[in-house]
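A short write-up of the structure that comes next.
The values are calculated or read from the model by the stated rules, or taken from the named source; none is laboratory data. It should be emphasised that the depicted structure is a prediction, and the values quoted were computed from it without experimental measurement. Here the Cβ is made from the backbone with ideal geometry for all residues, glycine too, and neighbour counts use every protein chain on show.
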């Protein structure tokens, strides 16, 4: 009886729907009937063509989601995430690269490094060029003997002494439903691990990051140090802005654990549970308030 009542209500509401939405709902229902008529043993199985059809139809008209009954919404989110990985794996496929150098040349670089401990990569690179070897200086530095540097202050001691005066910033990317990328900037204080600023943009620039730093730190609350990675996006404009605010720029190699852990929490508890459209900043700010 309830099913019949729902059918009657759907028939009465159909004249008020647009023709495009009706055609999309019919296409969605027709595809589900095709899947159910395959009579395969076990649960319903969808092919890659079925998944592609459902995702594209959902991208064009998200209002047809209530018509989709053979899969759950989180399944559609998982398909979109898998499609995003495949898309960027194909886009970043290797198209060739620098040829490998011979074993004899690697042995020669190592021998020159051992026998001349005061020579650096530029000196060894110049000597190899004189001998007729065409090799890059970065390759020479890669195959040189790594010597132990003198002991210095480690990160643990540095953070223990200066945690109250340090902040860190980092960018992370969020894929959208159209396989585009949104860039989110976070700024966190190390003393109490406090997230003090977050914002999102589709086209990050050095000017945009410099403006975010100004808005994140009032003039009487600026940290003494700001830790960041060596991404090229932090250009001259960002360094000049930090210098004018009295903040010492501290670029580091690799990744910074506290900022990366915060980004991981945002991904696991917020980003991984939804398909992102173009407007993501309100959702991220709501999560930050939570």
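Quickly run through segment 227-244 and pick out the residues that are part of a loop (DSSP other than H, G, I, E, B) and over 17 Å from the mean Cα position of the chain (by Cα). Can you show your working first?
Of segment 227-244, the ones part of a loop (DSSP other than H, G, I, E, B) are 229-235.
If the condition is that a residue be part of a loop (DSSP other than H, G, I, E, B) and over 17 Å from the mean Cα position of the chain (by Cα), then 235 is the only one that fits.
From the list 111, 148, 156, 123, which one is exposed (fewer than 11 other Cβ atoms within 10 Å of the Cβ) and over 30 Å from residue 186 (Cβ atoms)? Spell out how you get there, then give the answer.
Values: 111 fails: exposed (fewer than 11 other Cβ atoms within 10 Å of the Cβ); 156 fails: over 30 Å from residue 186 (Cβ atoms); 123 fails: exposed (fewer than 11 other Cβ atoms within 10 Å of the Cβ).
Only one candidate passes the filter, namely 148.
Does residue 116 satisfy the criteria of being closer than 30 Å to residue 146 by Cα and either modelled with pLDDT of 75 or more or touching a strand residue (DSSP E or B) at 6+ places or on another chain (Cβ under 9 Å) (or both)? Judged against the criteria, residue 116 is a match. Does any residue in segment 259-278 that is in the same structural domain as residue 58 (by TED's automatic domain parsing) and on the phi > 0 side of the Ramachandran plot come within less than 7 Å, Cβ to Cβ, of a residue that is surrounded by 15 or more Cβ atoms within 10 Å (Cβ to Cβ) and not in a helix (DSSP H, G or I) six or more places away or on a different chain, and which pairs are these? If the second residue must be surrounded by 15 or more Cβ atoms within 10 Å (Cβ to Cβ) and not in a helix (DSSP H, G or I), no pairs are left.
Okay, residues lined up against (1) at pLDDT below 90; (2) more than 19 Å from residue 283 (Cα to Cα); (3) under 21 Å from the mean Cα position of the chain (by Cα):
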residue: 165; (1), (2), (3): yes, yes, no
residue: 185; (1), (2), (3): no, no, yes
residue: 190; (1), (2), (3): yes, yes, no
residue: 197; (1), (2), (3): yes, no, yes
residue: 205; (1), (2), (3): no, yes, yes
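Would you please name the residue that is nearest to residue 271 (Cα to Cα), looking only at residues in segment 176-200 that are part of a loop (DSSP other than H, G, I, E, B) and touching a strand residue (DSSP E or B) at 6+ places or on another chain (Cβ under 8 Å)?
Taking segment 176-200 first, the residues part of a loop (DSSP other than H, G, I, E, B) are 177-180, 190-193.
With the extra rule that they be touching a strand residue (DSSP E or B) at 6+ places or on another chain (Cβ under 8 Å), the set shrinks to 177, 190-191.
Details: 177: 12, 190: 23, 191: 26 Å.
Ranking the qualifying residues of segment 176-200, first place goes to 177.
None of 260, 215 is over 30 Å from residue 81 (Cβ atoms) and outside any strand (DSSP E or B) except 215.
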